[in-house]
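Some notes on the structure that comes next.
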Amino acid sequence: MKITVIGAGAIGGNLASKLSTAGHDVQVAVTRGPEAVRAEVLESGARAVVLEESVQDRDVIILSIPFGVAGQLRDLFASVPDETVVIDTSNYYPGMLGESIGAVDNGQVESVYTAELLGRPVIKAWNAALAETQRTRGVPAGTPGRIAIPVAGDSDEARRVAMSLVDDTGFDPYDAGILADSWRHQPNSPAYCTELTLAELPAALSAADRVKDTAIRNSLPERFAALPANPTVDDVVEMNRAAHR
């Protein structure tokens, strides 16, 4: 498939590398220009391109940008065909990774808000796994214990495309239903960054509680402070699991 990843940080860089390794035609774009894309992101064959040209003639566009800034791309996306699948990987951490956003604080689902900013539907995927999990723990389909990643969206076909790409990055895709239900894998729900298998993930999604999960998200600085110096991925995953015991 012809894929553009907008954003080349930890998540975007992982996805560009893994999807190009899987054989897809991958472009990477950042607001600072092609020269700002790290060389290691391009080692597997992805190409750095100018942002203004990155969304034309693509099958899939993945947004791996800070939460709340999608509105800055609204004009860029105005000419993107309806059939192009747009995937949002972002998460909302008020006061930690950006300013507080009233609509989301008052209950609007994160990716529903992003879709409104962008002016078009989006699929939610890859948000519920740590960047280092995505970089190092993807394995071939059928491998015992393979980690699952939830995928939500209102188009059955677009959701199917996103699920296929999740599989290509080394994880079992799980159909998490419509976008309005994607709050079930927002920070810090039982399904969020807890490295669950396909058999374990449905129960975790069902156990999501918006009030409790938001309180756990907001306690993240204190919980991180209790971790060892230089915590491992396993330390962070265990911290997230323990919050729901």
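Observations on the structure shown:
- Scaling against 2.2 N^0.38 Å puts the C-alpha radius of gyration of the range 182-237 at 1.19.
- Calculated FRET value between ASP209 and GLU43, using beta carbons and R₀ = 30 Å, to 0.05: 0.10
- Average accessible area per residue (Å²) across the range 166-245 - probe 1.4 Å, nucleic acids and ligands excluded: 47
- Net charge over other residues, Cβ less than 15 angstrom from the Cβ of ILE216 (K, R count +1; D, E count -1): +3
- Element breakdown for the chain at a 1.4 angstrom probe: carbon and sulfur atoms account for 52% of the accessible area.
- 3J(HN,Hα) couplings calculated from phi for the range 30-39 with the Karplus curve 6.51 cos²θ - 1.76 cosθ + 1.60 (θ = phi - 60°) are, in sequence order, 9, 5, 7, x, x, 5, 8, 6, 4, 4 Hz; Gly and Pro show x.
- With N the number of residues in the range 1-112, Rg(Cα) / (2.2 N^0.38 Å) evaluates to 1.08.
- For the chain, calculated [θ]222 nm from helices alone, where every DSSP H run of n ≥ 4 adds -39500 (n - 2.57): -8500 deg cm²/dmol
- Cross-link partners for LYS212 among the lysines, with Cα-Cα distance under 28 Å and sequence neighbours closer than 8 places in the same chain left out: LYS124.
- Projected area averaged over orientations for the chain, convex hull of C-alpha atoms, nm²: 12.5
- Taking the average, over residues, of other Cβ atoms within 10 Å as the packing measure, peptides 238-244, 128-134 rank 128-134, 238-244 from highest down.
The values are calculated or read from the model by the stated rules, or taken from the named source; none is laboratory data. Quick caveat: nothing in here was measured; it's all calculated off a predicted structure. No Cβ is skipped: glycine too gets one built from the backbone with ideal geometry, and neighbour counts run over all protein chains shown. Heads up: the accessible areas ignore ligands, DNA and RNA and are worked out on the full protein's heavy atoms, side chains in. Shrake-Rupley method; radii C 1.70, N 1.55, O 1.52, S 1.80 Å.
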